[in-house]
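These notes concern the structure reproduced below.
The values are calculated or read from the model by the stated rules, or taken from the named source; none is laboratory data. Just so it is clear, the structure is predicted and the values come from calculations on it, not from any experiment. Note: ideal-geometry Cβ built from the backbone for every residue, glycine included; neighbour counts use all protein chains shown. Just so you know, the surface numbers come from the protein's heavy atoms only, side chains and all, with ligands and any DNA or RNA stripped out. Shrake-Rupley method; radii C 1.70, N 1.55, O 1.52, S 1.80 Å.
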Amino acid sequence: MFYSSLVTLHIIFAGIWLSNFLVDLFLRKYLTSSNRILDIYLKIINLLSSFSAVGILTTGILLVLNSGYGFFRMTDNHWLATKQILMVVLLVVIGAFVIPTAKKLRSSLSNSDSILNSEESKIYLKKLLFYNNIINTIVILNFLFAITHRYFG
C-alpha cells in the first residue's frame, strides 16, 4: 500500500513537471510583450518546478529505499541509475544556473520600465530560456526512461 502510494505520488509529480514543459512552450512566445507576462511566466515556472522537483526527489528517494533498488548502481538497473544521474544534473542546473539567472532577471526588470528597453533583461531572459530547455530535455529523458525501461530492460 505504501509503495503503491509513493508510485502514484511520483507519477503525479512527474505529470506536474511535464506540465511545466507545456506552460513553457505556450508562454515563451509572449514573454517579450510585457513585464507582466514575464512575471507570470517566472512565477508559474518557479512554482511548478519547485513543487515537482521536491516531490520527485522525495518520492524517488523513498521509492528506492523501499524497493531493493540502489542509488547509482549501473549493474542492477541502468535505467534507474541513469535517471538518478540526470536528476543530480538537473538539480545542479537549477541551483547553479536557473535560480541565480532568474534572480538577476527579476532585479533587472525592477530597474527597467519594459523588458524591451533593457539589454540586460534580454540577456538574462535568453539565458533563462536556454536553461529551461536543458531542464525540459532532462525531464523528458527521465520520463522516457521511466516508461520504456520495461521494454528495453
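Just a few scattered comments:
- Residue within region 5-26 that is in contact with a Lys or Arg (Cβ under 8 Å, 6 or more places away or on another chain) and surrounded by 13 or more Cβ atoms within 10 Å (Cβ to Cβ) present: no
- Selection count, region 35-82, where residues are under 24 Å from Asn136 (Cβ atoms), open to solvent by 30 Å² or more (accessible area, probe 1.4 Å) and free of Cβ contacts under 8 Å to residues at least 60 places away in the same chain: 16
- The C-beta contact set for region 124-152 (first residue free of Cβ contacts under 8 Å to residues at least 24 places away in the same chain, second residue among the polar types (S, T, N, Q) and open to solvent by less than 50 Å² (accessible area, probe 1.4 Å), distance under 7 angstrom, 6+ apart or interchain) comprises Tyr124/Thr101; Tyr124/Ser108.
- In summary, helices (runs of 4 or more DSSP H) completely within region 1-115 and bearing 2 or more residues that are touching a helix residue (DSSP H, G or I) at 6+ places or on another chain (Cβ under 9 Å) and farther than 19 Å from Ala146 by Cβ occur at 2-28, 35-65, 99-110.
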